[in-house]
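Here's the structure, in structure tokens; my notes come after.
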Amino acid sequence: MSTERPVQVLIVGASGVFGSRLARLAARERGVQVTLGGRRREPLDALAATLGRCGVALLDRDHVTAAELGDFDLVIDSAGPFQGSRTNLIEQCIAARIDYADLADGREFVGSIGRFDAAARRAGIAVMAGASSIPALSHAVLDDLTKGWRRIDSIRVGIFPGNRAPRGRSVVEAILSYVGRPVRVFRGGGWSAVPGWQLQGRVDCGSAGQRWASVCDTPEQDLLVARYQPTRSAEFVAGLELPVLHLGLWLLSFAVRWGWIGSLRPWSAALLWVAQRLRRLGSDRGAMVVAAEGRDALGEAAAGKWTLDATTNLGPLVPVIPALALIRRRRDGWTPEPGAYPCSGILTLGELEDVLDELGIAYSTVPARPTLRAAA
């Protein structure tokens with residue numbers, strides 16, 4: 001029997017849509033001791049009872065202190081929404097010298113994570129934002145798709161959940177925070193502003209079929225441009241499976257675009273109620289698409305596409321896979337580079353696809369091939 005101390009992981013927001021899924025996966029890992037963190041004891045105790053050997057910590061991420069974080073090796077924030085989120089948990093992790101990661105998708109939150117870099121370096125710990133579908137998974141895919149390319153011209157990343165996927169209030173609030181409001185996008189080789197949730201046509205999601213897509217406000221656009229320096233465009237889009245919901249939200253966006261209201265976010269509860277009433281009309285099939293075009297090592301026009309197909313309601317597991325991979329690395333003795341940075345270029349596609357395989361989530365890659373659309 002091993003006498004090695006298990007890696008101590010605190011999952012904040014552990015009773016939420018994504019936190020609970022991460023907790024279930026992490027609790028099965030050898031050499032990992034999970035503590036479920038959150039503000040309400042009842043759901044935490046209920047989850048802990050199903051998992052068997054997890055601790056419970058009542059805490060509020062906006063008010064927790066370094067002393068309360070104790071001797072954890074890694075804290076993962078899955079609470080959300082991260083649009084307008086406070087940073088107390090990060091500050092307290094730095095004070096307690098504990099590595100931190102999150103599932104953040106807030107553009108400002110992730111984009112400004114570098115402001116903690118100096119303090120994190122002094123503390124000798126890592127602050128990693130966006131250990132989720134974006135940018136951790138999407139960038140691992142792009143690194144693999146475009147390996148050896150001389151130039152990248154265009155990138156498109158899209159996420160398309162199945163209609164029966166569970167929806168949390170924080171997820172709905174995150175989307176509504178930017179619907180109809182100006183969103184900076186990189187098109188035609190430069191930056192411009194378009195309304196959030198502006199229609200982008202339909203996207204081929206492979207086995208999941210064609211899905212409507214709209215502009216989203218995420219850190220991905222900024223990070224894609226900074227890391228891959230595309231000459232033409234870098235897009236992140238998302239789509240709801242049911243056209244009535246997707247197009248209905250697009251129509252509602254005009255109330256914000258025309259200045260009738262400031263934001264749809266105050267209506268999150270009502271819109272979530274409507275979506276829940278229509279949940280049975282869709283499927284449990286989610287998809288993710290990552291595509292790139294450019295010039296390969298020989299200077300020839302090239303394109304590559306990676307598609308994820310999550311059936312039987314496995315889609316909600318995808319956003320927590322990078323965080324699980326970080327837990328595994330930490331358990332196996334890996335020490336992240338001190339500093340504060342987005343979770344980009346840290347995890348490899350191979351180790352993430354290993355988790356996808358274990359969970360039964362299908363994916364496929366169309367190898368780089370000539371395309372007439374690539375610029376000369």
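The values are calculated or read from the model by the stated rules, or taken from the named source; none is laboratory data. Fair warning: this is a prediction, and the values are worked out from it, not measured in the lab. Cβ: placed from backbone, ideal geometry, glycine included. Neighbour counts: every protein chain shown.
Kindly indicate whether any position in the range 354-370 is farther than 22 Å from K147 by Cβ, more than 15 Å from the chain's Cα centre (by Cα), buried (at least 23 other Cβ atoms within 10 Å of the Cβ) and at pLDDT 90 or above. No, the conditions are met nowhere in the range 354-370. For the criterion of being surrounded by fewer than 15 Cβ atoms within 10 Å (Cβ to Cβ) and either assigned by TED's automatic domain parsing to the domain that holds V110 or over 21 Å from the mean Cα position of the chain (by Cα) (or both), G248 fails.
Scanning the range 1-39 for residues that are at pLDDT below 90, charged (D, E, K, R) and loosely packed, with under 14 Cβ neighbours inside 10 Å, which turns out farthest from L103 (Cα to Cα)? Checking each candidate, the answer is E4.
Residue by residue, here is whether (1) under 19 Å from L142 (Cβ atoms); (2) in contact with a Leu (Cβ under 8 Å, 6 or more places away or on another chain) holds:
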| residue | (1), (2) |
| --- | --- |
| A287 | yes, yes |
| G299 | no, no |
| A303 | yes, no |
| A310 | no, yes |
| L317 | no, yes |
| A325 | yes, yes |
| R330 | no, yes |
| T348 | yes, no |
| G360 | no, yes |
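What are the residues in the range 306-338 that are assigned to a strand (DSSP E or B), of a type outside the set (F, W, Y) and buried (at least 20 other Cβ atoms within 10 Å of the Cβ), if any? Correct list: T307, L308, A310. Looking across the range 104-153, the residues that are touching a residue at least 24 places away in the same chain (Cβ under 8 Å) and hydroxyl-bearing (S, T, Y) come down to S132, S133, S138, T146. Taken as a whole, the structure leaves W273 outside the set of residues that are of a type outside the set (K, R), surrounded by fewer than 16 Cβ atoms within 10 Å (Cβ to Cβ), free of Cβ contacts under 8 Å to residues at least 60 places away in the same chain and closer than 26 Å to W191 by Cβ.
With respect to D105, is the statement that it is modelled with pLDDT of 95 or more and acidic (D, E) true? Steps first, answer last, please.
Working: modelled with pLDDT of 95 or more: no; acidic (D, E): yes.
Judged against the criteria, D105 is not a match.
Across the range 9-29, the qualifying residues are those that are more than 21 Å from L89 (Cα to Cα) and free of Cβ contacts under 8 Å to residues at least 60 places away in the same chain, and the one among them that is nearest to the chain's Cα centre (by Cα) is R24. Residue count for the range 61-76 under the criterion of being more than 22 Å from the chain's Cα centre (by Cα), loosely packed, with under 15 Cβ neighbours inside 10 Å and charged (D, E, K, R): the result is 1. How many residues are within 15 Å of D217 (Cβ to Cβ) and out of contact with any strand residue (DSSP E or B) (no Cβ under 6 Å at 6 or more places or on another chain) if we restrict to the range 230-249? Looking only at that region, the number is 1. Contact annotation: residue pairs with Cβ atoms under 7 Å, 6 or more positions apart or on different chains, pairing a residue in the range 314-332 that is in contact (Cβ under 8 Å) with a residue 24 or more places away in the chain with a partner that is part of a helix (DSSP H, G or I) and of a type in the set (S, T, Y), are V318/S133; P319/S133.
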